[in-house]
Amino acid sequence: MLTRRIFVGLSAHGLAALCGLLPFLKACAPQPSPAKNQPDPEDSAAEPLDWAGFLAGVDQLALEQFSGAWDQEAYVEELATLMRRLSPQDPILLEELADAVGAIRNFPDIVTLVEGPDHSYDVAIVVFEEGEEIPLHDHPDMTGVILGLTGEVEIQSFDLLPELSASGALQLKRLAVSNVTPGVHATLTAARGNIHSLRAISRTELLDVFTPGYNQDRSARSKWFTRSTTPLDGTTDIFEARED
């Protein structure tokens with residue numbers, strides 16, 4: 001489980017009540033790809049959100065997870081749209097980024113800014129120095145959206161196949177290798193791309209939202225993986241792997 005420093009805890013339900021029903025929700029068709037290659041030009045036409053408005057939007061969207069017909073693919077794209085509307089010059093965001101100094105050598109700093117009510121979501125920032133990595137890991141029963149703020153990070157996303165290899169090893173199917181830069185997002189759901197790794201090409205700052213957030217059970221079930229460096233014979237995207 002990744003170590004997260006909880007920096008600020010507050011009730012976003014309270015923010016939602018204060019802000020009212022803001023026009024922050026934008027319909028977006030689900031996209032199965034784990035990353036967008038370019039920022040969405042439509043975002044520039046939408047009114048930017050300050051930190052309070054952004055959290056109110058996250059709070060409202062996260063309620064979808066409690067419905068019986070939660071469409072995770074549509075949800076992560078709606079959430080990404082909301083995240084791209086957060087003003088990059090918002091003073092609270094800039095203050096948090098300035099405080100998120102890498103405290104663990106050779107590993108990025110992960111600062112949890114907000115935990116939603118009853119672990120309904122986590123909002124965090126992740127700061128990488130050039131060359132830092134987070135190895136392959138999963139997020140049990142969770143969705144995630146990562147938005148690039150600065151720099152560039154390479155994300156490799158995988159699905160765990162249900163069958164073992166001929167040698168009895170786990171098998172990971174690589175879905176994509178994506179480079180996330182400012183304004184570009186990557187997503188995962190409980191069923192798609194839930195195992196991923198991140199490697200910073202340059203110093204990088206990311207905004208990170210997981211729904212639901214980590215709790216004791218999901219933290220305990222989170223796993224790390226090591227995969228082979230070359231794919232299985234006859235494939236280009238399937239790798240043997242083991243749990244660490």
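A short reminder: the numbers here are calculations on the coordinates, not readings from a lab. Just so it is clear, the structure is predicted and the values come from calculations on it, not from any experiment. Here Cβ is always computed from backbone atoms with ideal geometry, including for glycine, and neighbour counts include all displayed protein chains.
If each residue's Cβ is checked for other Cβ atoms within 10 Å, how do I146, I134 rank with the fewest at the top? Mind dumping the intermediate values first?
Details: I146 27, I134 19.
Starting with the residue having the fewest Cβ neighbours, the order is I134, I146.
Compute the Cα gyration tensor for region 127-244, then decide on rounded, prolate or oblate, letting a ≥ b ≥ c be the square roots of its eigenvalues: rounded whenever a/c is under 1.5, prolate when a/b is larger than b/c in the other cases, and oblate in all that remain. Don't skip to the answer; put the middle values down first.
Numbers: a/c = 2.04, a/b = 1.37, b/c = 1.49.
Here region 127-244 falls in the oblate category.
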Fill in: Full-stretch length increase - S202, S222 - with 0.36 nm per residue and alpha-carbon distance subtracted
4.5 nm
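Grab the Cα-Cα distance for L94 and A191, subtract it from 0.36 nm times how many residues apart they are, and report the gain in nm with one decimal. All intermediate terms of the calculation are to be shown ahead of the outcome.
On the way: separation 97, 0.36 × 97 = 34.92 nm, distance 3.35 nm.
31.6 nm is the gain from fully extending L94 to A191.
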Fill in: Under 10 Å, Cβ to Cβ, from E154 - net charge with Lys/Arg +1 and Asp/Glu -1
-1
